[in-house]
Amino acid sequence: MNLWESLRMAVLAIRTSVLRSFLTALGIIIGVATVIIVVALGQGARAAVAQRVESLGTNLVIAFPSPGSGVQFTAGMARSLKGRVPDVTAAMPVFSGRGAAVVWHTQNTQASLQGVSPQWLSMRGAHLAAGSFITSQQLAGRSRVAVVGQTVLTNLGLSPATAVGRQIFVGGTAFTIEGVLQPLGAGVGGQSQDSIVLMPYTTSQDILHTAYPSELYFQVAQAKDAALVVGTLDMIFSHTYPRPNAVNVASQDQLLSTLSSVNRTLTLTLGSVAAVSLLVGGIGIMNIMLVSVVERTREIGLRKAIGARRRDVLRQFLIEAVLLSGGGGMIGVAFGALATHLGGLLLKTPMAVSPVSAAVGLSFALAVGVVFGMWPAAQASRLDPIMALRRD
Amino acid sequence: MTAPVVELRGVAKTYRMGSVTVSALRDVDLDVAAGDMVAITGPSGSGKSTLMNIVGCLDRPSQGSYVLAGRCVDGLADDALAETRNRSIGFVFQSFHLLSRLSALENVELPLVYRGMGVRRRRALACQALADVGLEDRMHHLPAQLSGGQQQRVAVARALAGRPSLLLADEPTGNLDSRAGRDVLALFQGLNDEGMTVVVVTHDPLVARHCRRILSVADGLIAGCAEVAAGERLLAAAAAPGGDRA
Ligand SMILES: Nc1ncnc2c1ncn2[C@@H]1O[C@H](COP(=O)(O)OP(=O)(O)OP(=O)(O)O)[C@@H](O)[C@H]1O
Ligand SMILES: [Mg+2]
């Protein structure tokens, strides 16, 4: 009996009971689909994180006090550190605070407030949609001027063209809109960055009621200098604040690698869960194949009586198992791809099925079919034809 | 008559079940010449099926030797026995044993599939065999769409398709009414007239009368052998409605 004939027999056996075959393969279908979805999610998340970290700006190093360390930065530290650390081309303090109500006419919305310096625009790599950015004069003069994000604008019912020059109330204080930012997209944590109101950090100290910046941003000329700058800053901070790890200093690369290693661990964990479900699917196939061998004892006996050798019977049942698992694997890939696509639409992030995960899932499914189909097939091939024919 | 197709010498079959041993066959010598048609009769439990299974290479004797068509098959491994069954023996069972998912034609082709024959040749042989049993118009029917007699004729076609040197049937009419049974027997008789060696197990004396010789088995031994008179055989054939076909 050649391979083609065995394949035809197996297809016939599977076709005879489509529902049962589908249920048998369900474990494999779910397992493979899960592998595909988990990997696509992981890769999508990694890409999103990378994009958000890049959206911070270019070649940035960020320093912020560790929570609970009691360390307080001052605005002047940005300038003095820029003078002490070579390769730093720009530095600024950033004051961030709680959200505040923003009101225009009868419209109001919530926005997060940030006190920044004029370098903010270039350091963050952001662009204006209208108007101009905060100037050094406004910083020195504690001017009540604001640059607002797109979401704030929309919520207030303003458009970039009409917004500049209008007076809004931020936390009860009157501000003049100086400029409007182009959309920034999601931040590192996935939060929207467009629901934002920027003002000179000198002004913000009154509004936010804090004299201490939450972060210091440093820009380096070239990405390769970032690690050295991080090291130097670490050293300076450990002299200034002699407690261990009082200040966190991280470059964008480090931020990215920390975030994506968390991501990788998660993907790996979920992936192994999926692999276990593939194994369980294999056991399901073995179970049904064993039942099938018993049910078809007379068929096997007849085949052997008219000349089927052991390997003919073995091959027939093995192919049936592999067809079940391979078919299940294929349905699983299709199902996983569909779910990934729909998920991408739903989460509004582009997610792609990696061909590698499809190939790995499918080969795993086939291997599961071979491994778990082997025993029932061997069982069938060893049946004694007389005994098998006599069975009713 | 020419050289024997079946040559059993001192064949015994013992089943061991715990401490009890059952002797299904004890010291059987049997010769079946090419072109012979032998009926094996005997009471239930006398060892007829056991004997047939050994002759059909489905089972091995505990003792003694078996030469099939000039070739000793003692000590052949399972797969070698399977090949011997495939090439040299056609088996007809009491309960037909057709595969329900396959058409009549595909059922008849099955032994040739295991022989590794190409699709075109085996289809031609299977069609021929189905025509020989008068079922050329039922080739694409499933077993469930055929009458019992027709199913048994498909089974006979399956046994014939590979042109075996020996046709074996264990109670081939046991599940058929007398008319369908006579049809099948007439078919056997016609095949035998064309030179096929046939061995039939039966406990129906009317069936046995179609054969040339009747062996009676009792308690694991061959107890007697009787020739059937040619005239009686002709009568048996004439009594079968399908007999004019053969
Ligand atoms: N696998 C087995 N294990 C144990 N004993 C067996 C086995 N097969 C057959 N026997 C015994 O061997 C003896 C002969 O059995 P066999 O089937 O050959 O009888 P038979 O002549 O065909 O009977 P029947 O006419 O009822 O079919 C019986 O006593 C039976 O119990
Ligand atoms: Mg019997």
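The values are calculated or read from the model by the stated rules, or taken from the named source; none is laboratory data. Being a predicted model, the structure only gives us computed values, none of them experimental. Glycine also receives a Cβ, built like all others from the backbone with ideal geometry; neighbour counts cover every protein chain displayed. For the accessible areas, the whole protein counts, side chains as well, though only heavy atoms, and no ligand, DNA or RNA atoms are used. Shrake-Rupley method; radii C 1.70, N 1.55, O 1.52, S 1.80 Å.
Counting only residues that are in contact with a Ser or Thr (Cβ under 8 Å, 6 or more places away or on another chain) and of a type in the set (S, T, N, Q), region B:1-26 holds 3 of them. A search for C-beta distances below 7 Å between a residue of region B:33-48 that is in contact (Cβ under 8 Å) with a residue 12 or more places away in the chain and any residue that is within 11 Å of ligand 2 (Cβ to nearest atom) and of a type in the set (Gly, Ala, Ser), counting only pairs 6+ apart in sequence or on different chains, returns B:GLY47/B:ALA24; B:LYS48/B:GLY42. Does B:GLU227 satisfy being acidic (Asp, Glu) and under 17 Å from B:VAL32 (Cβ atoms)? Taking the combined requirement at face value, the residue satisfies it. Among the residues examined, B:VAL22 qualifies as away from chain A (no Cβ under 14 Å), surrounded by fewer than 14 Cβ atoms within 10 Å (Cβ to Cβ) and within 13 Å of ligand 1 (Cβ to nearest atom). Restricting the first member to region B:165-177 and to residues that are modelled with pLDDT of 90 or more, and the second to residues that are of a type in the set (Phe, Trp, Tyr) and within 12 Å of ligand 2 (Cβ to nearest atom), the beta-carbon pairs closer than 9 Å and six or more apart or on different chains are B:ALA169/B:PHE93; B:ASP170/B:PHE93; B:GLU171/B:PHE93; B:PRO172/B:PHE93. Pairs meeting the criteria (first residue in region B:198-213 and touching a residue at least 12 places away in the same chain (Cβ under 8 Å), second residue within 15 Å of ligand 2 (Cβ to nearest atom) and of a type in the set (Lys, Arg), beta carbons under 9 Å, at least 6 apart or on different chains) are B:VAL201/B:LYS48; B:THR202/B:LYS48; B:HIS203/B:LYS48. Give the residue that is nearest to A:THR297 (Cα to Cα), with candidates limited to residues of region B:82-98 that are more than 16 Å from ligand 1 (Cβ to nearest atom) and surrounded by 21 or more Cβ atoms within 10 Å (Cβ to Cβ). Across region B:82-98, the extreme among qualifying residues is B:LEU98. Counting residues in region B:99-121 that are over 13 Å from A:LEU302 (Cβ atoms), more than 10 Å from chain A (Cβ to nearest Cβ), out of contact with any helix residue (DSSP H, G or I) (no Cβ under 7 Å at 6 or more places or on another chain) and exposed (fewer than 15 other Cβ atoms within 10 Å of the Cβ) gives one or more. Residues in region B:47-98 that are of a type in the set (Val, Ile, Thr), more than 14 Å from the chain's Cα centre (by Cα) and at the interface with chain A (Cβ under 10 Å from one of its Cβ atoms): B:THR84 only. Of the residues making up region B:133-192, those that are of a type in the set (Val, Ile, Thr) and either more than 16 Å from ligand 2 (Cβ to nearest atom) or open to solvent by 40 Å² or more (accessible area, probe 1.4 Å) (or both) are B:VAL133, B:VAL154, B:VAL156, B:VAL184. Of the numbered conditions (1) touching a strand residue (DSSP E or B) at 6+ places or on another chain (Cβ under 7 Å); (2) within 11 Å of ligand 2 (Cβ to nearest atom); (3) within 14 Å of another protein chain (Cβ to nearest Cβ), B:GLY42 satisfies every one except a single condition; which is it? Condition not satisfied by B:GLY42: (3).
Looking across region A:272-304, the residues that are within 38 Å of the chain's Cα centre (by Cα) and of a type in the set (S, T, N, Q) come down to A:SER272, A:SER277, A:ASN287.
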